[in-house]
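Take a look at the structure set out below.
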Amino acid sequence: MSAMRYTYLGPEGTFTEAALRTLPEAATRELVPMVSVPAALDAVRTGDAAAALVPIENSVEGGVTTTVDELAKGEPLMIYREVVLPIAFALLVRPGTQLKDIKTVTGHPVAQPQVRNWLAANLPDALWESAASNADGARLVQEGRFDAAFAGEFAAATYGLQPLVSEIHDAATAETRFVLVGRPARPAAPTGADKTSVVIWLGDDHPGALLELLQEFAVRGVNLMRIESRPTGQRIGNYCFSMDAEGHITDRRVGEALMGLKRICPQVRFLGSYPRAGVTPGDLRPLRPGTTDGEFLAASDWLTQCQDGRF
């Protein structure tokens, strides 16, 4: 395995690259752009890279389904950390292009919902065609295949383009979450402000099946931060669920919830426990009464005393 190589969704100039470069260790790693999320993750699976940074969620469009699905299938991988990056687009064009000249535009599919209103107001007749990434869209503009691309302004210099319009976003607070993914290993020690990700498959389709899964978290006071259903590919109506929960697998409430899921589900894939981006323990609300590690331990001790006849 190349311990010094990190892959990411390329080509150069993507928001993914910008997010990766916020990590301190990126300065000492070889950063290798890949043509797709599956390619970036497969490089980790084969040992060609130690880790990959890929987008997983956008505050406007929701889950990045390619990443969610890739983490749910194939050889297991694990999330080590997350990066949250504010997103604003620039309209990149070849030098000399004016707004009236633009007939075709491109960008990543996740970008389109984030600039839809701006596009309708300023380029209502422009034809949109998706690209593999925002930076790849910039490359296609450079090659003359499109008139303009929505990408990060920082990509302009890489592709010899100019930002015709900057700071484009329908939602001013838009941001994208990225995850650093590696091969399975022992999770990092808890920080007190952690997140645990899993993928869960239902045993069978029956009334209340999803409720049963959710109750494993609810009765232990574990807050779910994201839940997303994804088709398994087997047949219509057959789904798995990708979930993010507050807490670390070593927290008793989280560990017991995962054990409960393992008892009732045919398959549970643990994707990792890792620090939440930009959150400290002081930012979190207090745990509900009865859900701290000390209270779980006291209850376990009480049960042992009862079993020993010491109540």
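The values are calculated or read from the model by the stated rules, or taken from the named source; none is laboratory data. This is a predicted model, so every value here is computed, not measured. Cβ placement follows ideal geometry from the backbone for every residue including glycine, while neighbour counts extend to all protein chains displayed. SASA here: full protein model, heavy atoms, side chains in, ligands and nucleic acids out. Shrake-Rupley method; radii C 1.70, N 1.55, O 1.52, S 1.80 Å.
Structure values in brief
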item	result
Yes/no for residue 199 being more than 30 Å from residue 88 (Cα to Cα) and part of a loop (DSSP other than H, G, I, E, B)	no
Options 156, 172; residue that is at pLDDT below 95 and among the small types (Gly, Ala, Ser)	172
Pick from the stretch 34-58, criterion touching a residue at least 40 places away in the same chain (Cβ under 8 Å), assigned to a strand (DSSP E or B) and not acidic (Asp, Glu), ranking: surrounded by the fewest Cβ atoms within 10 Å (Cβ to Cβ)	58
Where residue 216 falls short, out of the listed (1) touching a residue at least 24 places away in the same chain (Cβ under 8 Å); (2) open to solvent by 40 Å² or more (accessible area, probe 1.4 Å)	(2)
Failed item in (1) within 21 Å of residue 64 (Cβ to Cβ); (2) in contact with a helix residue (DSSP H, G or I) (Cβ under 9 Å, 6 or more places away or on another chain), with residue 292 passing the rest	(1)
Residue satisfying condition, being open to solvent by less than 10 Å² (accessible area, probe 1.4 Å), of a type in the set (A, V, I, L, M, F, W, C), modelled with pLDDT of 95 or more and in contact with an Asp or Glu (Cβ under 6 Å, 6 or more places away or on another chain), within set 199, 141, 179	179
Lone unmet requirement of (1) open to solvent by 30 Å² or more (accessible area, probe 1.4 Å); (2) outside any strand (DSSP E or B); (3) free of Cβ contacts under 8 Å to residues at least 60 places away in the same chain for residue 70	(1)
Tabulated pairs, the stretch 230-252, first outside any strand (DSSP E or B), second surrounded by fewer than 16 Cβ atoms within 10 Å (Cβ to Cβ) and charged (D, E, K, R), C-beta under 7 angstrom, 6+ apart or interchain	237/205; 251/293; 252/293
The stretch 95-135, residues that are open to solvent by less than 60 Å² (accessible area, probe 1.4 Å), over 24 Å from residue 17 (Cα atoms), within 28 Å of the chain's Cα centre (by Cα) and not aromatic (Phe, Trp, Tyr)	119
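Conditions tested, residue by residue: (1) assigned to a loop (DSSP other than H, G, I, E, B); (2) more than 18 Å from residue 249 (Cα to Cα); (3) open to solvent by less than 50 Å² (accessible area, probe 1.4 Å).
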{"position": "263", "(1), (2), (3)": "no, no, no"}
{"position": "270", "(1), (2), (3)": "no, no, no"}
{"position": "273", "(1), (2), (3)": "no, no, yes"}
{"position": "277", "(1), (2), (3)": "yes, no, yes"}
{"position": "297", "(1), (2), (3)": "no, no, no"}
{"position": "302", "(1), (2), (3)": "no, yes, no"}
{"position": "311", "(1), (2), (3)": "yes, yes, no"}
